[in-house]
Structures are given as C-alpha cells and as structure tokens.
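Encoded as structure tokens, the structure appears first; notes follow it.
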Amino acid sequence: MPRIIRTRVAIVGAGPAGLLLSHLLADAGIESIVLDRRSRTEIESTIRAGILEQETVRVLDESGASDRVLTVGNRHDGIELRFNGEGHRIDFPELVGRSVWLYPQHEVLKDLIAARLAAGQDVLFETEVTGVGDVETDRPWVTATTSDDEELRIEAEFVVGADGSRSVVRPAVTGSSAGGHFREYPFAWFGILCEAPPSSDELIYSNSPDGFALISQRSATIQRMYFQCDPDADPNALSEAEIWNALQARVPGTSLATGPIVQRDVLRFRSFVAHELRHGRAVLVGDAAHTVPPTGAKGMNLAVADVVLLDRALRALLLENDTRLIDAFAETALKRIWKAQHFSWWMTSMLHTASDATEFDRRRQVGELRSVVESEAGRTFLAEAYTGWPHEGGAS
Ligand code: PHB
C-alpha cells in the first residue's frame, strides 16, 4: 500500500517554476508538496542561462524568494548587437525605462530551495512520478516512488506540471507527451564556462559570416560564452585552442580574454508550445508548457510569468472557490508565451547563419539588423521584449 499524503497543490518539478509557485502559494496559506526526480545537488549545480527580466527580479525580491538577486546579481542596462564587425548598443533605460539582471538560474534555485526548506516546505528530491490521475475531478492525485523505493500517493486539489521539457505530467493535460506545436533549428550553441576576466561589461550578441556568438559573463573571474555549432557537435571534439579560435573569429573587433575552459556543453534549440496548458485540475507551466531557443533569454522569465498568473488563479480557486482566473489561465498565459516565442525565433533567425544561406540571405540579414539598430522604433521593440513585458494585471 502506498503512503498517502494529502496536500492542496501537488507540484511536480523543483525548478524555478515549481519552487516559486510553492513559495508564493505558502504566502497565501496554501499548502503544497514539491517533488523532483533529481537530487538537490544536481538541481543546484546544473548550468543554465542567466538573464532575468526586471519583473522577474521584482517578484523574486518582493516575495522574499531571493534577496541575493539584487546584491550578487548585476544590473545590465544594455546589450550590444554586433554585425559587420561593428557594435551597436541597445540602451534599455533610455528606450524603455527598464533593465535586466545577470544572475544565473542555479543561483535562483539555491535561493528558492533554501527559502522553501527554511519555511518547513516538503521538497521530495529523487522522487520519480509514476502516475497522475483524476484530473477531471476535484481530487486529482499523483503517484511517485522515493529514492528508497517507498510508494507515495499524493492526494491534492490541484496538480501542477512544472517538470521541464520531458514533463511526465504533460500527457494528463494534453493527452500525449508530444502534443504541441514545435519547430527545430538547424543549429545549436557550443557553450563554455572559463576562468578569465570579462571581455566586455555587457552581453555581446554577434552575427558574423562564420556564425553567431554570445559573450556573456558570470563573475569577475568566470565567464560564459557560446558560439553557433551543428546540433550534432560533440562538445569534447574540440581542443581549447580550437574553441577560442571559433569564438574569436565570431566577435571581430573584440579581443577576448582567454583562460582555462572549466565546462563545455552543446545546447540544442527547440521552440515548443503544448496544445493544452490545462485540463480540469492539472496545468502545465514553464518548460513543461513551452520551450524557447536561448537567444532571447526568455526561458526562466516565461516560467516566472506563468507562475505569477497561476498563483493568482489558484488563490481565487482554492481560497474563494472562484474559477474565473483558472478558466482564463491558458488563454491569458498563451498571449505572452507566443510573444516570447516570436521574439526568441526572431533573435535566433536574425543573428545566426544557416549553413545553406545564400549571399542574398546574408545581405538581407544585415539589412534587417541595420533596420533594428538604426531606428529608435526598432531598438525600442527589441528593448521592450528583452527586458520583458509587464506581467498581466501587475504593476508595469
Ligand atoms: C547566459 O548568460 O547564459 C545567457 C545570456 C543571454 C542569453 C542566453 C544565455 O540570451
């Protein structure tokens, strides 16, 4: 017989979406359980992207989920778009009165896990979900197996799939694990972490005939950089010298500060939006609901926007028996999701070089980049999307 656990909200996935939701619900006195098949160490050490929109930072700070985001994170007031070897700065405060923060996702996760555990939250790490059911009733359940083979049955009033792109909750919502709109890209990013001083104060997104590169940072001594590669590239096939040559060739005009490469990975690109975000008393948020290519830095920010919306809807449903916000959840969330899908696709296609690109394609792309940087309307469009649109119903 499984051990029965009763809670109000069963949250599958201890990533940014699941942990933040649990934190916000607790503030309203709504109890939840968070489970994840990964260990705490794995969650806290997986390297992910690092740009937080101003609204994301505000939610993390004001809810008490992370105060380090403002003290350890770095505010960035712009990015550089580089093409034809020339840099063009997009000044965020001047254009839209907002900024972004560079604060790596695994640091957000460390803060959220610490905050949840300090508040006495049940976070079940290394616990694998084996089933989700009765989502069409008001007593949905999740079954799971813990790391020491204990069988659990979690009886809840709502189930949330915040369990990433390989979501196990998704079939209970969409009817199949793949059910969604998606698009693949013919390129990926070769990412490195290296021990070196920053090569630039702000992020450089560089389009070059050899392909795209992104120069990002982590700290005074650790840097994060990416360059466009084949989706099937083997991260271990290149020597450090070859990696530095590839990066340097893609950012003409900047002399990169080099150093030992301490981590390397290949990130494949995919755009995905699930056909359904909600079925009865189960919803999908974050990467379980949608994935975006990393060029627009939207992934975690979109997850936070979903959760802000879902938190309000669950408060109304579970505290006041008001179904209006949960009934509107998918439609409202999808408006932002598709804007972010467009922005991520646009940044990706504008900056990368397809291997079958013709001379026409190359010149058209430079024409597009020029249209953006030489027009205040163009720069403002980019700055608005990059720094993030206001949250639905929230302060702008
Ligand atoms: C990163 O620093 O990892 C990063 C920054 C901006 C992006 C993607 C990744 O668009």
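Among the residues of segment 146-167, those that are open to solvent by 30 Å² or more (accessible area, probe 1.4 Å) and farther than 12 Å from ILE33 by Cα comprise SER147, ASP148, ASP149, GLU150, GLU151, ASP163, SER165, ARG166.
Entry remark, segment 58-87: residues being buried (at least 16 other Cβ atoms within 10 Å of the Cβ), part of a strand (DSSP E or B) and more than 19 Å from the chain's Cα centre (by Cα) number 6 in total. Among the residues of segment 249-278, those that are farther than 24 Å from PRO186 by Cβ and buried (at least 16 other Cβ atoms within 10 Å of the Cβ) comprise THR254, LEU256, THR258, ILE261, GLU276, LEU277, ARG278. Could you please let me know if GLU392 is free of Cβ contacts under 8 Å to residues at least 60 places away in the same chain and either part of a helix (DSSP H, G or I) or open to solvent by 20 Å² or more (accessible area, probe 1.4 Å) (or both)? No.
Restricting to segment 218-240, and then to whatever is among the aliphatic types (A, V, I, L, M) and part of a strand (DSSP E or B), can you tell me which residue is modelled with the highest pLDDT? First the steps, then the outcome.
Looking only at segment 218-240, we keep the residues that are among the aliphatic types (A, V, I, L, M), and these are 220, 222, 225, 233, 237-238.
The next check asks that each one be part of a strand (DSSP E or B); those that pass are 222, 225.
On the way: ILE222: 94, MET225: 98.
It comes out as MET225.
For residues in segment 93-105 being assigned to a helix (DSSP H, G or I) and surrounded by fewer than 17 Cβ atoms within 10 Å (Cβ to Cβ), which is nearest to the ligand (Cβ to nearest atom)? So, considering only residues that are assigned to a helix (DSSP H, G or I) and surrounded by fewer than 17 Cβ atoms within 10 Å (Cβ to Cβ), the one nearest to the ligand (Cβ to nearest atom) is PRO93.
Per-residue answers, yes or no, for (1) away from the ligand (no atom under 16 Å from the Cβ); (2) among the aliphatic types (A, V, I, L, M); (3) out of contact with any Ser or Thr (no Cβ under 6 Å at 6 or more places or on another chain); (4) modelled with pLDDT of 95 or more:
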residue: GLY286; (1), (2), (3), (4): yes, no, yes, yes
residue: THR295; (1), (2), (3), (4): no, no, no, yes
residue: MET300; (1), (2), (3), (4): no, yes, yes, yes
residue: ASP306; (1), (2), (3), (4): yes, no, yes, yes
residue: ASP311; (1), (2), (3), (4): yes, no, yes, yes
residue: ASN321; (1), (2), (3), (4): yes, no, yes, yes
residue: ALA333; (1), (2), (3), (4): yes, yes, yes, yes
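Looking at segment 41-57, which of its residues are away from the ligand (no atom under 16 Å from the Cβ) and either assigned to a strand (DSSP E or B) or in contact with a Leu (Cβ under 9 Å, 6 or more places away or on another chain) (or both)?
Of the residues in segment 41-57, the ones away from the ligand (no atom under 16 Å from the Cβ) are 41-44, 55.
If the condition is that a residue be away from the ligand (no atom under 16 Å from the Cβ) and either assigned to a strand (DSSP E or B) or in contact with a Leu (Cβ under 9 Å, 6 or more places away or on another chain) (or both), then ILE43, GLU44 are the ones that fit.
Residues in segment 186-200 that are open to solvent by 10 Å² or more (accessible area, probe 1.4 Å) and either of a type in the set (Lys, Arg) or modelled with pLDDT of 95 or more (or both): LEU193, GLU195, PRO197, PRO198, SER199, SER200. Among the residues of segment 208-217, is any of a type in the set (S, T, N, Q), within 16 Å of the ligand (Cβ to nearest atom), on the phi < 0 side of the Ramachandran plot and in a loop (DSSP other than H, G, I, E, B)? For segment 208-217, residues of a type in the set (S, T, N, Q), within 16 Å of the ligand (Cβ to nearest atom), on the phi < 0 side of the Ramachandran plot and in a loop (DSSP other than H, G, I, E, B): absent.
Grab the strands (runs of 3 or more DSSP E) fully contained in segment 136-204, keeping just those with 2 or more residues being within 16 Å of the ligand (Cβ to nearest atom) and among the aromatic types (Phe, Trp, Tyr). Let's see the steps before the verdict.
Details: elements: 141-145, 151-155, 158-161, 180-195.
Of the strands (runs of 3 or more DSSP E) lying wholly inside segment 136-204, those with at least 2 residues that are within 16 Å of the ligand (Cβ to nearest atom) and among the aromatic types (Phe, Trp, Tyr) span 180-195.
Scanning segment 335-364 for residues that are open to solvent by 50 Å² or more (accessible area, probe 1.4 Å), more than 15 Å from the chain's Cα centre (by Cα) and hydrophobic (A, V, I, L, M, F, W, C) yields one hit, PHE360.
Is it the case, given these coordinates, that ILE51 is within 15 Å of the chain's Cα centre (by Cα), among the β-branched types (Val, Ile, Thr), open to solvent by 10 Å² or more (accessible area, probe 1.4 Å) and at pLDDT 95 or above? Give the steps one after another, and end with the answer.
Numbers: within 15 Å of the chain's Cα centre (by Cα): yes; among the β-branched types (Val, Ile, Thr): yes; open to solvent by 10 Å² or more (accessible area, probe 1.4 Å): yes; at pLDDT 95 or above: yes.
Judged against the criteria, ILE51 is a match.
The values are calculated or read from the model by the stated rules, or taken from the named source; none is laboratory data. Note that the coordinates shown come from a computational prediction; the quantities given were computed from them, not determined experimentally. Every residue, glycine among them, receives a Cβ derived from its backbone with ideal geometry; neighbour counts consider all protein chains shown. Heads up: the accessible areas ignore ligands, DNA and RNA and are worked out on the full protein's heavy atoms, side chains in. Shrake-Rupley method; radii C 1.70, N 1.55, O 1.52, S 1.80 Å.
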